[in-house]
Amino acid sequence: QQQQQQQQQEALGEAPEGTETGGMSSITVDGQVTVEAFRAWVKRRMQELQLEFERKLEEREASGKGGRKSKLNGPATVPLKSLVLAKGCSVSVFGASIVEHALLTAGVKPATKIPTAIDALDDPSKCMFLADPSEEACEVSAEAPLGSLGRCLFELSRCAEVFSSLDRPGQQGYIVLKDQKRQRERKEPSSEAVAEEKKQGAEEAEVYLEFLPALLKQHENLPVLVFESFDEAVDKYFGSLESQKLAQQAAAAEASAKRKLDAIKGDHSRRVDHLKREERRLATSAQAVQDSAEIVDEALKVVQSALEYNVTWSDLQQLVAAETAAGHPVASCIAALRLDDDIVEMSLPVLGELEHDENGGEGEGDELTDDPQGSTTTDE
């Protein structure tokens, strides 16, 4: 096993220019992975990021573009995955997929935020992942707690082993599919919508995401197709690229047409509901006018008679207000005089209100409920 590790380290010695060699050499001391070495490397990396940002800021100022004040100090945090994949950490040569697999296996979220401020890296309240002082978290082994820095470094140190295991004679091949079921349930959580989508899902074509020689941690909950060989999986993937593209275009066009149809149906339904409410309001107003025809006729006669005798509009309104205060039954029903539009607005009871009052009911909620002013407009 030691010889195999040495061979892997020697192989990594041919890493791209600018990367450190020797497997986990950026976080090792005398060939051993240590938490202290990794913390020191992170601090150096954060200093490099700050210097790089300052250099770019100077270039922008020199070119006259300037920079927004909100970004004068650079990013406040860096995702752990991006940090480990940065130039200078030798596990970056294994690629994003294997690094993400190692982090997830260690129980660490790849998006864990690492502060860029140097003093925050040693503060457990600001970065518990790096600054956890407990012995369990600092032990680099498979027995270290999930989510700890020690467990994370242990799994990262196995990236070379995972990488070499991807090339085995006679290994199976896999194609990862798009999880359309989960996407439908997340988009339309209602039971009826989910049932409809499940019914349509049986007819949906499978969407290929990627082909793999082995399933990694991030693929555990995704649907996959299994093939007897990796070559067969590659042939199937590339042989279906064109049909996959056409199927996705057709599905996108169908989804767009469905959204437009749903929008049209929703607008039509709202218009129909509005017309029905307006119909009920007008029918209620007409019924109220018919039930109080004598009061309406009398009110119109009084107004027309006053206007024939050249009574000014303001005097007529004062007269109606005075008669209303005196309790005159006809004047009490006149809500407003809109003489500019030749309209007398009246407040009339409806049959439902009279029956409700006779039965000992309370309130006036039945009086022209569809009219916010509880009134009926009548042309002179």
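Bear in mind these aren't lab numbers, they're just calculated from the coordinates by the rules spelled out. Just so we're clear, the structure is a prediction, and the values are computed from it rather than from any experiment. Virtual Cβ from ideal backbone geometry, glycine too; neighbours counted across all protein chains shown.
Packing-based ranking of 212-221, 268-277, 236-245 yields 212-221, 236-245, 268-277, ordered from highest to lowest mean Cβ neighbour count within 10 Å. Note on Leu282 and Glu242: their simple-model spin labels are 6.0 nm apart, each label 7 Å out from Cα toward Cβ.
Rounded to 0.05, the FRET efficiency of the Arg55 and Asp273 pair, given R0 = 41 Å and the Cβ-Cβ distance, is 0.05.
A straight chain from Leu104 to Lys265 at 0.36 nm per residue would run longer than the Cα-Cα distance by 53.4 nm. Where Lys and Arg each count +1 and Asp and Glu each count -1, what net charge lies around Glu136 among other residues with Cβ under 13 Å from its Cβ? Spelling it out: positives minus negatives among the neighbours equals -3.
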